[in-house]
Structures are given as structure tokens and as C-alpha cells.
There are 2 protein chains.
Amino acid sequence: MVIRFRDATEADLPALVAMLTDDPLGASRESDDPAPYKAAFAAIRANPAHQLIVGEMEGRIVATCQLTILHGLSRQGMTRALIEAVRVAPDLRSQGLGAALMAEAEARARAAGAGMIQLTTDKSRLRAHAFYDRLGYAPSHLGYKKML
Amino acid sequence: MVIRFRDATEADLPALVAMLTDDPLGASRESDDPAPYKAAFAAIRANPAHQLIVGEMEGRIVATCQLTILHGLSRQGMTRALIEAVRVAPDLRSQGLGAALMAEAEARARAAGAGMIQLTTDKSRLRAHAFYDRLGYAPSHLGYKKML
């Protein structure tokens, strides 16, 4: 089975929202109403810093993540890439799809001139921690969040 | 003493780079060459998602952070704000400047429609952890980084 990566289209939204919802933390955070997702998708598409990546296998969306290219002064003005909302279909875990997804994101980040890629993951996602450790990510930071 | 917040201009770059350098972690990461910072500043300014905030007191830059507005599908398409590169002048710590800076960033984030604000801080920055805890930020995540 070959996974093919491409940018998401609006037609992918139901599958993407289903993947966000089919998750221990996402289950309580997502909604059946497509309207907020359509609005968010339009905002994502309106800023070229965002790339919403989907992995497709035999016509099915099986993996996704969002890559955002960030500019900043620190580290000698290093361009960095932020990864958010990484998901792999639960029935297809441990087959290398997640690693392929991250490799795609890293290749796109490098192509955009990023010298570093960063992400946060909930402290409760122990399998995710092992996954990122294995891919060479260092858990050097604490990730803080505050609702506004 | 009153701190006034505004968007950074290119004329602020030497002061901003000095603040990034005058830091236990930043000292080894920054450079005397202004060229990469000028290029990064131009990239920051070119994307309206970025706001490079400076706090000025009696003509001196005493605080800075970068706010970035992010769009995404998760959490019902919630707009979020990312804070990076928070710095307060070492000789002016513990006087409320940092809290004022974060309040400015949060107000700007809310004005941009963000429902959440997030940041990462190096695990070694224990004073920063206490600072964010005090301001109501929850250290719910691990922050991973990988050099590309």
C-alpha cells in the first residue's frame, strides 16, 4: 500500500474532522457542525504560511498534519516550522504511516528554509512521545496553554 | 515608570538582538552580524500573522515577544495565538513588566479572535515556568524540537 501526500482540499474536510474526533482528547473537543471547520479551512488557505497536509491511501485519508512556517529573530533569524494536529488512522498505526507523514512535513519545512521543526504534544499522549523520540525529536521544552 | 507597547520597527533591531543575546540560552545562539536579523525582520513584517511587540520605557526597549496568529481545524476550527521569544531586560525583572507584556500579547490575541494562547519554554528556565504558572498558563504539553 502506497501513501500519497498532498495539500488538503475542502472536499477532505469531513474525513479530516472525523480523524480529529476519533482521538482520546479530540472526542470531547470537536463538533458535528461543519461550519466552523469550513471557516477555519478558508483561513488556513488564506495564509501561505500554512500547509494542511493529507496522506491518502487507496482513496482514503489516513493521515494528516498541519505545517506552519514561522519567521522570527531568535537563533540568528532562523525560520522554523511548527507542526500541529498530527493524526494517523487508528486502524493503520504501527505501519510507518506516521513516520512517512513526518518525513513529508520535514521535507516541506526544509524546502521552505526552516532550520528547526517544533511541535507540542499533550503530556498524556505517551505513545506520541515514544514516536517523536524515535524520530529524533528532543523533548527539551514545556508547552503551556491558556484559554482566552 | 510607564511601559508603552508598540510594534517593532527595523530601528529597534539592535536593541532586540541585544535582548535575545543577553540570556543564558541565547548567548550561544545569537550573532553580531545584523544581516540575518534584518532578513528575518523583513519576513516577519511580510506576514500579517506575526506581531513583533516591543515594550518601551523612557526611550529604552525593555521587553519583547513575538505573537503569531494561527488558524487550524482542531478544537472546532479554533484560532490560536503562539508566543515566542519572550524577553524582559534582566535589570528590570520582578517589577511586573513581564506580566504587562503578556497581558498586551493576550489582548492582541483576543482581538485577533484567538480562543487559546500557547507557548513553549525550555525545561531549564525554572523562573519562566513559575512566571507562566502565575499568569494562568497550564504546562499541559511537552515541547519537542528537531534541527533540520
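The values are calculated or read from the model by the stated rules, or taken from the named source; none is laboratory data. Every value quoted in this text rests on a predicted model; they were computed, and no experiment measured them. Cβ placement follows ideal geometry from the backbone for every residue including glycine, while neighbour counts extend to all protein chains displayed.
For the stretch B:100-112, filtered to residues that are surrounded by 16 or more Cβ atoms within 10 Å (Cβ to Cβ) and charged (D, E, K, R), the residue that is nearest to the other protein chains (Cβ to nearest Cβ) is B:Glu106. Scan the stretch B:19-32 for residues that are surrounded by 12 or more Cβ atoms within 10 Å (Cβ to Cβ), more than 11 Å from chain A (Cβ to nearest Cβ) and part of a helix (DSSP H, G or I) and report the count. The number of residues fulfilling the criteria is 0.
Scanning the stretch B:76-99 for residues that are of a type in the set (Asp, Glu) and at the interface with another protein chain (Cβ under 8 Å from one of its Cβ atoms) yields one hit, B:Glu84.
Note on the stretch B:38-76: residues that are in contact with a helix residue (DSSP H, G or I) (Cβ under 7 Å, 6 or more places away or on another chain), in a helix (DSSP H, G or I) and without any contact (Cβ under 8 Å) to a residue 24 or more places away in the chain total 4.
Does A:Arg4 satisfy the condition of being away from chain B (no Cβ under 11 Å) and surrounded by fewer than 14 Cβ atoms within 10 Å (Cβ to Cβ)?
Numbers: away from chain B (no Cβ under 11 Å): yes; surrounded by fewer than 14 Cβ atoms within 10 Å (Cβ to Cβ): yes.
Answer is yes for this residue.
Going by the conditions given, is A:Leu73 of a type outside the set (S, T, N, Q), surrounded by 20 or more Cβ atoms within 10 Å (Cβ to Cβ) and either more than 14 Å from the chain's Cα centre (by Cα) or within 12 Å of chain B (Cβ to nearest Cβ) (or both)? Against the criterion (of a type outside the set (S, T, N, Q), surrounded by 20 or more Cβ atoms within 10 Å (Cβ to Cβ) and either more than 14 Å from the chain's Cα centre (by Cα) or within 12 Å of chain B (Cβ to nearest Cβ) (or both)), A:Leu73 qualifies. Scanning the stretch A:128-147 for residues that are of a type in the set (Gly, Ala, Ser), buried (at least 16 other Cβ atoms within 10 Å of the Cβ) and not in a strand (DSSP E or B) turns up just one, A:Ala128. Scanning the stretch B:77-122 for residues that are acidic (Asp, Glu), within 16 Å of the chain's Cα centre (by Cα), farther than 30 Å from A:Ser31 by Cβ and part of a helix (DSSP H, G or I) yields one hit, B:Glu104. Tell me, please, whether a residue that is within 20 Å of A:Ala130 (Cα to Cα), of a type in the set (A, V, I, L, M, F, W, C) and crowded, with 16+ Cβ neighbours inside 10 Å can be found in the stretch A:50-62. No; the residues of the stretch A:50-62 include none that is within 20 Å of A:Ala130 (Cα to Cα), of a type in the set (A, V, I, L, M, F, W, C) and crowded, with 16+ Cβ neighbours inside 10 Å.
Among the residues of the stretch B:113-142, count how many are facing another protein chain (nearest Cβ under 7 Å) and over 19 Å from B:Arg75 (Cα atoms). Here the count works out to 7. When the residues of the stretch B:20-46 are filtered to those that are over 11 Å from A:Gly77 (Cα atoms) and modelled with pLDDT of 95 or more, the one that is nearest to the chain's Cα centre (by Cα) is B:Arg45. In summary, B:Leu16 fulfils each of the numbered conditions (1) over 12 Å from the mean Cα position of the chain (by Cα); (2) within 9 Å of chain A (Cβ to nearest Cβ); (3) more than 24 Å from A:Gln66 (Cα to Cα) with the single exception of condition (1). The single condition among (1) more than 26 Å from A:Val2 (Cβ to Cβ); (2) touching a residue at least 24 places away in the same chain (Cβ under 8 Å); (3) not basic (Lys, Arg) that A:Ala99 does not satisfy is (1).
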